[in-house]
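The values are calculated or read from the model by the stated rules, or taken from the named source; none is laboratory data. Just so you know, these numbers come straight off a predicted model, no measurement behind them. Here Cβ is always computed from backbone atoms with ideal geometry, including for glycine, and neighbour counts include all displayed protein chains. Calculation scope for accessible area: heavy atoms of the full protein, side chains included, ligands and nucleic acids excluded. Shrake-Rupley method; radii C 1.70, N 1.55, O 1.52, S 1.80 Å.
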Amino acid sequence: MTLIVIAGCALWLAVLGWIDYVTGYELGLFAFYTAPVAVVAWNLGQGPGIIVAFIASVIWYTADRYAGNRYSAPFYGYWNTGMHFTTFIINAVTFAKIRSSLGQRHELERALAEAREQVKQLAGLIPVCPQCHKPYVPEPPRAKAGTCLAPTPSEPLSAALCDNCRKRADPGN
């Protein structure tokens, strides 16, 4: 994948530089140079994105010079190239950071989903009052020797209630 991204973006920049040269310096293709920088930064990270930003700046400068653009002083050509390079770096850092943040978000979402599943499983183990929906500690079962400890279907609903709800349901108790 890494080699494909690098080769594809190198070809992309070469073709873009040639198109920039052929169309002349008056037609600005600056925005199109940001795409390969973004692709590399997204797929390979900030460092490779900055390297491609530098290469894109050199290709832009070379196409601009060979297309016939002559500045009144060399400083202006270097300044424009530096401004393009700075913008490309900002794009590379931004795309790499967005990709990293999305990866962290997906990891947090996965961890949250696992935690929710664990809470659901644990919630099934904690008795909850069917009336007030609050967890409670049930009374230990009172059974005679040799009888089943599981609640029987004939057992009243008050057996599943918490102490507070049971007292409200049966005031004589």
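Out of (1) open to solvent by 60 Å² or more (accessible area, probe 1.4 Å); (2) within 20 Å of Lys97 (Cα to Cα); (3) β-branched (Val, Ile, Thr), the odd one out for Val52 is which?
All conditions are met except number (1).
With respect to Gln104, is the statement that it is assigned to a helix (DSSP H, G or I), without any contact (Cβ under 8 Å) to a residue 24 or more places away in the chain, open to solvent by 90 Å² or more (accessible area, probe 1.4 Å) and under 23 Å from Met1 (Cβ atoms) true? Write out each step before concluding.
Values: assigned to a helix (DSSP H, G or I): yes; without any contact (Cβ under 8 Å) to a residue 24 or more places away in the chain: yes; open to solvent by 90 Å² or more (accessible area, probe 1.4 Å): yes; under 23 Å from Met1 (Cβ atoms): yes.
Yes, satisfied.
Checking the structure you have, find out if any residue of the range 108-119 is farther than 30 Å from Leu161 by Cβ and either in contact with a Pro (Cβ under 7 Å, 6 or more places away or on another chain) or of a type in the set (Ser, Thr, Tyr) (or both). Outline the logic, then answer.
Initially, the range 108-119 is screened for residues farther than 30 Å from Leu161 by Cβ, giving 108-114.
Those left that are additionally either in contact with a Pro (Cβ under 7 Å, 6 or more places away or on another chain) or of a type in the set (Ser, Thr, Tyr) (or both): none.
The answer is no, given that none of the residues of the range 108-119 is farther than 30 Å from Leu161 by Cβ and either in contact with a Pro (Cβ under 7 Å, 6 or more places away or on another chain) or of a type in the set (Ser, Thr, Tyr) (or both).
Taking into account only those residues within the range 78-97 that are aliphatic (A, V, I, L, M) and in contact (Cβ under 8 Å) with a residue 12 or more places away in the chain, which is surrounded by the most Cβ atoms within 10 Å (Cβ to Cβ)? Give the steps one after another, and end with the answer.
Here is the first cut: in the range 78-97, the residues aliphatic (A, V, I, L, M) are 83, 89-90, 92-93, 96.
After this cut, where a residue has to be in contact (Cβ under 8 Å) with a residue 12 or more places away in the chain as well, the list is 89, 92-93, 96.
Values: Ile89: 18, Ala92: 28, Val93: 15, Ala96: 22.
Residue satisfying both the conditions and the ranking: Ala92.
Starting from the range 59-72, take each residue that is over 16 Å from Leu11 (Cβ atoms) and list its partners that are aromatic (Phe, Trp, Tyr) and assigned to a loop (DSSP other than H, G, I, E, B), counting only C-beta distances under 7 angstrom and pairs at least six apart or across chains.
Listed by first residue and then by second, the contacts come to Asp64/Tyr25; Ala67/Tyr25; Gly68/Tyr25; Asn69/Tyr25.
Taking the criterion of being at pLDDT 95 or above and within 19 Å of the chain's Cα centre (by Cα), would at least one residue in the range 21-38 satisfy it?
yes
Name the single residue that is surrounded by the most Cβ atoms within 10 Å (Cβ to Cβ) among those in the range 1-29 being out of contact with any Leu (no Cβ under 7 Å at 6 or more places or on another chain) and assigned to a loop (DSSP other than H, G, I, E, B).
Tyr25
Consider Leu125 carefully, then state whether it is modelled with pLDDT of 90 or more, over 30 Å from Leu13 (Cβ atoms) and not charged (D, E, K, R). Break it down stepwise before answering.
Numbers: modelled with pLDDT of 90 or more: no; over 30 Å from Leu13 (Cβ atoms): yes; not charged (D, E, K, R): yes.
No, not satisfied.
Quick check on my filter: what residues within the range 59-77 are part of a helix (DSSP H, G or I), of a type in the set (A, V, I, L, M, F, W, C) and exposed (fewer than 14 other Cβ atoms within 10 Å of the Cβ)? Even if it seems obvious, please write down each step before you answer.
From the range 59-77, those part of a helix (DSSP H, G or I) are 59-66, 74-77; that's our starting set.
When the remaining residues are screened for being of a type in the set (A, V, I, L, M, F, W, C), the result is 59-60, 63, 75.
If the condition is that a residue be part of a helix (DSSP H, G or I), of a type in the set (A, V, I, L, M, F, W, C) and exposed (fewer than 14 other Cβ atoms within 10 Å of the Cβ), then Phe75 is the only one that fits.
Would it be correct to say that Asn91 is closer than 30 Å to Gly103 by Cβ and not aromatic (Phe, Trp, Tyr)? Show your work before the answer.
Working: closer than 30 Å to Gly103 by Cβ: yes; not aromatic (Phe, Trp, Tyr): yes.
Yes: the conditions hold for Asn91.
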